[in-house]
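In what follows, a single structure is set out as structure tokens and then discussed.
Every read-out reported here was derived from the displayed coordinates using simple, explicitly stated rules and does not represent laboratory data. Values in this document were obtained by computation on a predicted structure and should not be read as measured data. Don't worry about glycine lacking a Cβ; one is built from the backbone with ideal geometry, like all the others, and counts go over all protein chains shown.
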Amino acid sequence: MKNPLVWSCTAAALLFLACMDQERDGVSGVGTLEAREVLVSSKSAGTVLQLPVREGDVVTAGQLVAVIDSEKVYLQKQQLLAGLDELRYTMVSAQRSVQLAQDNLDHVAKKFERIRSLWQDSSATLQQYEDIETVHKAAATQRANAQTTLDALRAKKAQLDAQLLLVNSQLADGRIAAPIDGTVLETYLEQGEIVRPTGVIVKLADLQHMWIKIYLNEGDLGRIRIGQPADLQIASRPDQLFPGRVTWISPKAEFTPKNVQTREARSDLVYAVKIAVENPDGALKIGMPADVYLR
């Protein structure tokens, strides 16, 4: 019968060798969890009339997060609409003037052709021909002037339509919506405060889809690929592995970031690798350290 101590030493050695083999088969790293963060800003200045979200609220893309006072812009819109109504009536009158001038020109043109034909046959005098020619030119000028007036009114309408589009855009800017699905991390203003153009109102983050960046040396770089599965482990849930996958590998080497503790490690050249990880139950937090094991 063998000595139990020998058996213990043998088992320990085998376990050590197994761990060494497993370490050689996989690649690991340590990093800090991050998420896509978006600063939601105001395009216009004004008083914050509504701020229906608070820190920690979950919002969807397109959901209203703030309303900025746009009363002056609204009044400009009403003024433009009134101007457009007036212009439409003027355009109707101008179109009638064009039609009337055209009818007159057609009538004079027929008379002009008839008298010119008579003059060519010596059945009308030169004076009669010159008189009708003058009337014909005047009718043509009147028709052209009427058309010019109508064209100018159409150009004015196009200008007012463009101004109306601008005003509508400014009114839309007063209703600020979330650009992404996410969680409100921070609000920078309160209802009743004044926001400046480009002023930040809230910060959103997509906490459902997070990512972590680790740094690997050249030897480990050849053992990974885009799309490769990975497992993440955090201290608060040591018995749970969070599945992820490699989404980006840096094409160039860099020195190890300064947050590495030892100067020797910081002097090494490494490659950054990004791993995406799902976070459906919200267990993962921004800034949380995690161990990464690439399968």
Completion exercise
If amide H atoms are modeled at 1.01 Å from N in the peptide plane, then the residues at a separation of 5 or more from G31, or on another chain, having amide H under 5 Å from its own are A290, V292
Fill in the blank from the handout: The farthest towards the positive end of the charge dipole of the chain, of the residues Q78, L51, G282, given +1 on Cβ of Lys and Arg and -1 on Cβ of Asp and Glu, is Q78
Practice task
Starting from the amide H of A124, placed 1.01 Å from N in the peptide plane, find each other amide H under 5 Å away whose residue is 5 or more places distant or on another chain.
Solution key: W119
Fill in the blank from the handout: In a Gaussian network model of the chain with springs linking alpha carbons closer than 10 Å, the residue among N217, N168, N104 that fluctuates most is N104
Completion exercise
The ³J(HN,Hα) series, computed from each phi in region 90-106 with the Karplus coefficients 6.51, -1.76 and 1.60 at θ = phi - 60°, rounded to the nearest Hz and given as x for glycine or proline, is 5, 5, 4, 5, 5, 5, 5, 5, 5, 5, 5, 5, 5, 4, 5, 5, 4
Exercise for the section: Give a residue-ordered list of calculated ³J(HN,Hα) values for region 26-38 (Karplus: 6.51 cos²θ - 1.76 cosθ + 1.60, θ = phi - 60°; whole Hz; x for Gly, Pro). Expected result: x, 10, 10, x, 10, x, 10, 5, 9, 9, 6, 10, 10
Handout entry: region 179-224 - Kirkwood radius from inverse mean 1/r over Cα pairs (Å)
Key = 14.4
Handout entry: Net charge dipole size for region 113-247 [Lys, Arg +1 and Asp, Glu -1 on Cβ; Debye, nearest 20]
Key = 100
Exercise for the section: For region 176-295, restrict the atom set to alpha-carbon positions and state the Rg and Dmax in Å. Expected result: 18.2, 58
Practice task
Quick one: dipole size for the chain, taken about the Cα centre, charges +1 on Lys/Arg Cβ and -1 on Asp/Glu Cβ, in debye to the nearest 20.
Solution key: 420
Problem - Reduced Cα scattering model of region 74-187, Debye log10 I(q)/I(0), q = 0.12, 0.13 Å⁻¹ - result: -0.66, -0.70
Handout entry: Ranked L126, L153, L241, criterion: other C-beta atoms within 10 Å, fewest first
Key = L126, L241, L153
Exercise for the section: Taking the chain as the reference, fit the longest principal axis to its C-alpha atoms, fit the long axis of helix 4-25 to the helix C-alpha atoms, and give the angle between the two in degrees, 0 to 90, nearest 10. Expected result: 20
Problem - Over the chain: helical MRE at 222 nm, DSSP H runs n ≥ 4 each giving -39500 (n - 2.57), nearest 500 - result: -15500 deg cm²/dmol
Practice task
Can you tell me the equivalent ellipsoid semi-axes for the chain? Use √(5λ) from the Cα gyration tensor, largest first, whole Å.
Solution key: 82, 27, 15
Practice task
Per residue of region 276-290, in order, report the coupling 6.51 cos²θ - 1.76 cosθ + 1.60 (Karplus, θ = phi - 60°) as ³J(HN,Hα) in whole Hz, putting x for Gly and Pro.
Solution key: 8, 9, 7, 9, x, 9, x, 5, 7, 10, 5, x, 6, x, 8
Fill in the blank from the handout: With a 24 Å threshold on alpha-carbon distance, the violating pairs from K77/K156; K137/K157; K43/K213; K43/K72 are K137/K157; K43/K213
Problem - Ellipsoid semi-axes in whole angstrom, largest first, where each is sqrt(5λ) of the Cα gyration tensor of region 25-101 - result: 55, 20, 9
Completion exercise
Interchain or sequence-distant (5+) residues whose placed amide H lies within less than 5 Å of the amide H of D268 are T256
